[in-house]
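Down below is the structure, laid out as structure tokens.
The values are calculated or read from the model by the stated rules, or taken from the named source; none is laboratory data. As the structure is a computational prediction, the values presented were derived from the model and not from experiment. Glycine gets a Cβ as well: all are built from the backbone with ideal geometry, and neighbour counts include every protein chain shown.
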Amino acid sequence: MSDLTKLTLSGALDGMAKGDFTSAELTQAHIKACKDAVKLNAFVTDTHELAMDMAKASDMRRQKAKSSGQSVGKLEGAPLGIKDLFCTEGVKTTAGSKILGEFTPPYESSVSANMKADGMVMLGKLNLDEFAMGSSNETSAFGPVINPWRKGQDLVPGGSSGGSASAVAADLCLGATATDTGGSIRQPASFTGTVGIKPTYGRCSRWGTVAFASSLDQAGPIAKTVKDSAILLESMSGYDPKDSTSINAPVPDWASACGASIKGLRIGIPKEYTIDGMPAEIEKLWQQGIEWLKAAGAEIVDVSLPHTKYALPAYYVVAPAEASSNLARYDGMRYGLRVEGADLADTYERTRTEGFGAEVRRRIMIGTYVLSAGYYDAYYLRAQKVRTRIAEDFKAAWEKCDALLTPTCPSAPFAVGRKVNDPITMYLNDIFTVTANLAGLPGISIPAALDADGLPLGLQIIGRAMDEETVFKAASALEDAAGFTAKPEKWW
Amino acid sequence: MFIAPRVADAKDWIKGETGDWEIILGLEVHAQVASKSKLFSGAATEYGAAPNTQVSLVDAGMPGMLPVVNEFCLEQAVKTGLGLNAQINLFSRFDRKNYFYVDLPQGYQISQFEFPIVGEGEIEITPIDANGKTGDPVIVGIERLHLEQDAGKSVHDLSPTETYVDLNRSGVCLMEIVSKPDMRSPDEASAYVERLRTIVRALGTCDGDMEKGNLRADVNVSVRRPGGELGTRCEIKNVNSMRFIRQAINYEARRQIDILEAGGEIDQETRLFDSDKGETRTMRSKEDAHDYRYFPDPDLLPIKLEQSFVDGIKANMPEMPGARKARFMAQYSLSEYDARLLSGDSETAAFYETLATGRDAKIAANWMLGDFFGALNKSEKDLSSSPVSADALGGLIDRISDDTISGKIAKDVFEKMFDGQGTADEIIDRDGLKQVTDMGAIEAMVDKVIVDNPDQAAKVKDNPKLIGFFVGQVMKASGGKANPGAVNQILRKKLE
């Protein structure tokens with residue numbers, strides 16, 4: 001039998017459907033790969049025994065379905081990883097933080113519950129930046145995740161979904177859940193040569209996912225191919241009355257959109273998506289992307305998103321503001337870490353000082369500051385106004401085009417430790433991705449090329465709200481044209 | 001700057017060493033919405049359950065939990081707003097009020113800050129003083145009504161070193177009703193709370209039970225020279241009964257006056273009322289005031305109500321006391337005073353309407369406000385525990401109207417009815433109280449009285465007032481049972 005971990009999700013689902021191999025075999029292969037990849041530190045918690053039980057149960061379901069002529073779940077038997085921001089019933093959930101201690105939720109997040117209902121096999125909980133705050137997966141309380149792509153030294157996989165991206169890139173799982181508040185799906189996908197899509201805000205329920213910044217947080221998958229990402233997103237999405245911001249709309253058959261013609265599709269090129277010091281290779285790749293889409297029959301139009309330059313500062317006001325409030329519940333009183341102090345205030349201070357890492361503390365302080373009396377108008381309110389302008393920019397652009405093509409990130413993956421003490425430089429990673437979060441739009445990153453150092457670079461497609469279909473179509477066309485088949489050489 | 005134009009009646013002024021003072025009062029009343037489940041979760045709200053048995057994952061602030069607004073609570077807020085004659089805001093929003101405390105699991109309270117669901121309104125109140133004397137009606141402005149979650153309960157007295165937390169109340173829906181600073185005396189503040197209580201109970205939006213804390217007030221107190229510039233206010237938190245409201249205001253006003261008269265200044269602060277000692281004391285000063293960092297709750301969408309939703313509620317509103325008073329005046333030709341007393345709460349109003357239907361409305365009103373309420377007060381009972389029902393009282397009035405008994409006899413009958421001796425008819429029969437209407441029998445009694453009092457009889461022609469003496473004598477002779485009209489008629493015929 002060839003190496004089952006090299007399969008795509010779609011290929012593996014086909015293989016199981018045809019009876020070429022069982023979920024148990026597939027899962028076993030992936031468990032072995034995970035065990036061999038401890039150096040990547042992609043997982044916080046392994047659930048290998050549970051995975052084997054789930055796989056065997058899946059095989060039985062498949063057999064039963066076969067004999068009764070019924071269909072099986074969308075993810076039946078597929079071994080996947082779950083970012084450790086999604087609460088999983090009976091399985092420790094950390095959010096990459098010490099403050100949650102041994103917290104084991106008595107409930108399952110809506111997203112992972114949907115996937116379980118579709119037959120998923122969960123291999124474990126994936127490492128991430130603490131509370132999803134970071135762009136390099138170096139803020140995790142469980143140590144940095146290492147990118148399987150390597151250049152002389154250890155590189156970061158991006159963040160915050162660094163564990164998800166590394167695990168998929170290193171073939172430790174067929175796909176993974178991730179979350180994206182400012183680029184946390186797309187940037188790590190770009191850094192690891194994987195596909196990552198953040199859908200329209202409200203597509204995936206936020207219920208049971210540890211909150212970072214509620215108005216920006218959105219779940220999505222990281223996968224090996226555009227089609228795999230469509231299959232995963234179909235399972236993860238869906239209306240949830242338990243989340244007031246969930247969108248009550250049917251989930252389309254996105255997998256079928258992959259490979260569809262983009263003839264006549266108008267692709268906008270926003271002139272503001274370039275920054276000083278951006279490598280020429282990325283500029284070149286963007287041009288290449290334009291040529292690919294043009295060759296596939298798309299019409300290229302120049303558009304302007306004039307408020308783009310205010311997006312990052314606005315994001316770094318809104319996201320910390322919401323986070324400062326969302327993280328107030330981690331107070332050591334009901335669950336998680338508690339460090340006893342002399343009195344209540346002292347207990348709060350000790351618990352939160354010990355429980356939270358530096359980046360999380362920094363953002364809580366920024367957020368608390370921008371919401372404070374006398375600063376609210378100047379920061380939070382103004383940032384919200386910028387947000388409205390950014391949404392209006394996109395609205396105007398949709399008059400002229402159906403989707404946008406941009407680079408995903410202004411750089412290739414960088415060395416572990418290089419930016420971790422320089423938050424401003426770190427924050428610049430999100431410059432091309434935050435706009436989609438601020439406006440609630442779907443965005444996808446597709447691996448498009450390797451740079452001169454042999455490291456992956458991604459391109460991003462941004463679409464209209466609720467129009468993931470066009471995003472998948474365009475991404476799929478890019479994927480075909482790019483023919484990106486490179487894989488990191490196994491060193492771990 | 002708001003203005004407080006109304007000056008209190010001089011009788012409500014407080015005498016100080018240096019002259020008179022006037023109290024300015026504004027109230028924030030927290031009324032718990034009578035809903036089965038909480039504002040943002042499905043957990044039950046029943047009172048008195050064992051600690052921490054009515055707590056959902058949302059109420060406990062578990063990771064990843066999200067609030068979903070309980071539409072029933074929105075409806076109750078709108079209903080209450082309409083009952084306060086207030087503006088209903090079709091757009092409103094929930095905000096987070098951030099602060100740390102053990103009984104606040106999320107680390108923030110979801111409330112409405114910038115855009116409350118109900119805006120300005122007004123209600124009429126009737127202050128009643130300590131002697132039960134009713135004053136002139138006063139209009140009190142409503143600033144706003146907004147919805148918010150209650151916090152849990154910290155229990156400090158179970159252990160000398162630990163604090164226990166009961167989250168049953170965490171997330172329960174409260175309506176915070178903020179008045180304008182329109183009250184000028186403890187009587188007015190207490191009448192205001194009483195009226196709010198009447199309104200929410202009539203609407204069924206809150207049970208108004210102050211003992212269970214389902215209705216509680218924060219009182220803002222300041223003093224000024226009558227009609228003068230406003231003073232600095234202090235907020236007294238969580239005053240939980242009518243009696244405490246009066247006590248707290250009296251204490252606090254006196255405290256402020258003493259400070260001012262000694263040349264001091266009032267610090268704007270939040271104070272606590274100690275009901276054991278009957279005094280207020282500092283809870284936190286302005287410097288220690290929290291910065292609550294309000295911002296729109298990103299987990300919830302703004303509330304956008306359709307006008308038709310509001311109209312639907314309006315169409316099904318029970319009659320409010322103000323409207324009912326106007327109707328009573330028109331329909332039953334009652335004085336403003338009587339109408340106000342009888343229309344105040346729905347129970348009294350319903351009792352009266354049962355009594356007045358098919359009877360003389362004025363007599364019904366007099367009986368209810370007179371002997372009936374008098375008896376209730378004396379026996380410390382209320383309508384719900386009254387031994388005499390509206391129908392029973394009506395039966396008594398009917399016997400007056402058809403001349404079976406006189407009004408005077410009726411008072412005795414009523415006392416016996418109240419004493420549980422039976423219906424009016426049973427008592428009249430049993431005690432033989434039926435009026436004597438036999439003209440012959442009355443005439444005989446009249447003749448006997450005239451014969452017994454020849455001197456008086458001779459003087460009647462010159463002094464017609466003396467006829468009253470004869471009426472009295474005849475009534476006495478009949479044991480009160482003679483029909484007074486007939487006695488009068490026959491006496492006049494014989495003596496004039």
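Can you pull out the residues in region B:261-304 that are within 12 Å of chain A (Cβ to nearest Cβ) and of a type in the set (Lys, Arg)?
B:293
Just to be sure before I move on: is residue A:269 among the aliphatic types (A, V, I, L, M) and either within 16 Å of residue A:467 (Cβ to Cβ) or not in a strand (DSSP E or B) (or both) in the structure I sent?
In short, no.
Considering each residue of region B:205-263, count those that are in contact (Cβ under 8 Å) with a residue 40 or more places away in the chain, within 21 Å of residue B:11 (Cα to Cα) and among the hydroxyl-bearing types (Ser, Thr, Tyr), and give that number.
Residues that pass the stated criteria total 1.
Looking at A:161, A:215, can you tell me which residue is on the phi < 0 side of the Ramachandran plot and within 14 Å of chain B (Cβ to nearest Cβ)?
Every option except A:215 fails the conditions.
Considering only residues of region A:331-351 that are among the acidic types (Asp, Glu) and away from every other protein chain (no Cβ under 11 Å), which is surrounded by the fewest Cβ atoms within 10 Å (Cβ to Cβ)?
Once the filter is applied, the top-ranked residue is A:340.
Return the residue satisfying two criteria in turn: it lies in region A:88-120 and is in a loop (DSSP other than H, G, I, E, B) and under 19 Å from residue A:203 (Cβ atoms), and of such residues it is nearest to the chain's Cα centre (by Cα).
The qualifying residue nearest to the chain's Cα centre (by Cα) is A:109.
Of all residues in region A:385-412, count the ones that are surrounded by fewer than 22 Cβ atoms within 10 Å (Cβ to Cβ), under 21 Å from residue A:424 (Cα atoms) and at pLDDT 95 or above.
Result for region A:385-412: 1.
For residues that are in contact (Cβ under 8 Å) with a residue 24 or more places away in the chain, more than 15 Å from residue B:394 (Cα to Cα) and in a helix (DSSP H, G or I), tally how many sit in region B:356-382.
1
Can you confirm whether region A:216-236 contains a residue that is without any contact (Cβ under 8 Å) to a residue 40 or more places away in the chain, part of a loop (DSSP other than H, G, I, E, B), in contact with a helix residue (DSSP H, G or I) (Cβ under 7 Å, 6 or more places away or on another chain) and not hydroxyl-bearing (Ser, Thr, Tyr)?
Checked region A:216-236: no residue is without any contact (Cβ under 8 Å) to a residue 40 or more places away in the chain, part of a loop (DSSP other than H, G, I, E, B), in contact with a helix residue (DSSP H, G or I) (Cβ under 7 Å, 6 or more places away or on another chain) and not hydroxyl-bearing (Ser, Thr, Tyr).
Report, by residue number, each residue of region B:64-74 that is more than 7 Å from chain A (Cβ to nearest Cβ) and free of Cβ contacts under 8 Å to residues at least 24 places away in the same chain.
Result: B:65, B:71.
Per-residue answers, yes or no, for (1) touching a helix residue (DSSP H, G or I) at 6+ places or on another chain (Cβ under 6 Å); (2) surrounded by 23 or more Cβ atoms within 10 Å (Cβ to Cβ); (3) modelled with pLDDT of 95 or more; (4) within 14 Å of chain A (Cβ to nearest Cβ):
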position: B:15; (1), (2), (3), (4): no, no, no, no
position: B:46; (1), (2), (3), (4): no, no, no, no
position: B:62; (1), (2), (3), (4): no, no, yes, yes
position: B:87; (1), (2), (3), (4): no, no, yes, no
position: B:90; (1), (2), (3), (4): no, no, yes, no
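Go through (1) more than 14 Å from every other protein chain (Cβ to nearest Cβ); (2) within 24 Å of residue A:161 (Cα to Cα); (3) assigned to a loop (DSSP other than H, G, I, E, B); (4) touching a Leu at 6+ places or on another chain (Cβ under 8 Å) one by one and return the number of the condition residue A:197 breaks.
(3)
Only one of (1) more than 14 Å from every other protein chain (Cβ to nearest Cβ); (2) within 23 Å of the chain's Cα centre (by Cα) fails for residue A:281. Which number is that?
(2)
Scan region B:256-305 for residues that are part of a helix (DSSP H, G or I), at pLDDT 95 or above and surrounded by fewer than 13 Cβ atoms within 10 Å (Cβ to Cβ) and jot them down.
B:258 - this is the single residue of region B:256-305 that is part of a helix (DSSP H, G or I), at pLDDT 95 or above and surrounded by fewer than 13 Cβ atoms within 10 Å (Cβ to Cβ).
Hey, can you tell me all the residues within region B:409-446 that are within 26 Å of residue B:391 (Cβ to Cβ) and of a type in the set (A, V, I, L, M, F, W, C)?
Answer for region B:409-446, where residues must be within 26 Å of residue B:391 (Cβ to Cβ) and of a type in the set (A, V, I, L, M, F, W, C): B:409, B:410, B:413, B:414, B:417, B:418, B:424, B:427, B:428, B:433.
Show me the strands (runs of 3 or more DSSP E) entirely contained within region B:162-255 in which 3 or more residues are closer than 21 Å to residue B:270 by Cβ and either among the β-branched types (Val, Ile, Thr) or touching a Phe, Trp or Tyr at 6+ places or on another chain (Cβ under 8 Å) (or both). Please lay out each step first, then the result.
Working: elements: B:164-166, B:173-179, B:215-224, B:234-239.
Hits in region B:162-255: B:173-179, B:215-224, B:234-239.
What are the residue pairs meeting all of these: first residue in region A:299-317, first residue under 12 Å from residue A:387 (Cβ atoms), second residue part of a loop (DSSP other than H, G, I, E, B) and of a type in the set (Gly, Ala, Ser), Cβ atoms under 8 Å, and 6 or more apart or on different chains?
From residues that are under 12 Å from residue A:387 (Cβ atoms), the pairs are A:315/A:182.
Regarding residue A:348, is this residue hydroxyl-bearing (Ser, Thr, Tyr), over 22 Å from the mean Cα position of the chain (by Cα), in a loop (DSSP other than H, G, I, E, B) and farther than 22 Å from residue B:298 by Cα? Steps first, please.
Numbers: hydroxyl-bearing (Ser, Thr, Tyr): yes; over 22 Å from the mean Cα position of the chain (by Cα): yes; in a loop (DSSP other than H, G, I, E, B): no; farther than 22 Å from residue B:298 by Cα: yes.
Taking the combined requirement at face value, the residue does not satisfy it.
Does residue B:103 fit the bill of being acidic (Asp, Glu) and under 25 Å from the mean Cα position of the chain (by Cα)?
When the stated conditions are applied, residue B:103 does not pass them.
Considering region B:442-478 alone, what residues qualify as being surrounded by 12 or more Cβ atoms within 10 Å (Cβ to Cβ), out of contact with any helix residue (DSSP H, G or I) (no Cβ under 8 Å at 6 or more places or on another chain) and closer than 21 Å to residue B:407 by Cβ?
Residues satisfying the conditions are B:472, B:476.
Report yes if residue A:464 is surrounded by 20 or more Cβ atoms within 10 Å (Cβ to Cβ) and over 20 Å from the mean Cα position of the chain (by Cα), otherwise no.
no
Name the residue that is surrounded by the most Cβ atoms within 10 Å (Cβ to Cβ), counting only residues in region B:213-252 that are under 16 Å from residue B:277 (Cα atoms) and touching a Pro at 6+ places or on another chain (Cβ under 9 Å).
It comes out as B:248.
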